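Structure record follows, encoded as structure tokens.
The values are calculated or read from the model by the stated rules, or taken from the named source; none is laboratory data. Keep in mind it's a predicted model, so treat the numbers as computed, not measured. Note that each Cβ is placed from the backbone with ideal geometry, even for glycine, and that neighbours are counted across all protein chains shown. For accessibility, only protein heavy atoms count, side chains too; no ligands or nucleic acids. Shrake-Rupley method; radii C 1.70, N 1.55, O 1.52, S 1.80 Å.
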Amino acid sequence: MNKDLIIPMLVAKTKKEALKELVDCVVKKESTVDSAELLRVLLEREELGSTGIGDGIAIPHGKIKKIENLIVSFGRSLDGVDFHPWMENQRTLFSFLLLQKIRLVFHLKALARISRLLKDSAFRRNIMGATTSQEIYDIIAQKMKKY
């Protein structure tokens, strides 16, 4: 994970706004991808079923042919995002994952790893208590060493 792809304070209030904010962050660092295409892929995936997994966690993800490596972005909302009706009024943690289309097994393993990480309540409390993207990055990096 690149600390420049961490948004410690999402301003978004809706699912689409949150996805757009995460996409814009990625496009600034990853010039090979188009923001409209990225947003389209994420929204199409959401139409299949919400990527919200409960406890204020959502893991929007998609696959795009143009990217060469796994891209993981992370966003945190202290006010909450209207992501899915059953996540109403929850502060939201987003982990946003993109992967090259042909690497399905790797994609599934990455999703499972991120899900395990975010389901840890102590980890979530630490993330919600952090004040900067560097602090969030350090918390994630420390936890990832255990996996």
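The packing ranking, built from the mean of other Cβ atoms within 10 Å per residue, places the peptides 69-81, 121-133 in the order 69-81, 121-133, highest first.
With a threshold of 29 Å on the Cα-Cα distance, the over-threshold entries among 15/65; 16/145; 13/145; 15/146; 28/63 are 16/145; 13/145; 15/146. For residue 53, the amide hydrogen comes within under 5 Å of the amide hydrogens of 58, 59, counting only partners 5 or more places away or on other chains and with H modelled in the peptide plane. Candidate cross-link partners of residue 3 among the aspartates and glutamates, defined by an alpha-carbon separation under 12 Å and a same-chain spacing of 8 or more, comprise 135, 138. Probing with 1.4 Å while keeping every protein chain in the model, the per residue accessible area of the range 1-91 equals 52 Å².
Between amide H atoms placed 1.01 Å from N, distances below 5 Å from residue 7 occur with 74, 75, 76, all of them 5 or more places distant or on a separate chain.
What a 1.4 Å probe finds exposed on the range 1-40 is 53% carbon and sulfur by accessible area, rounded to a whole percent.
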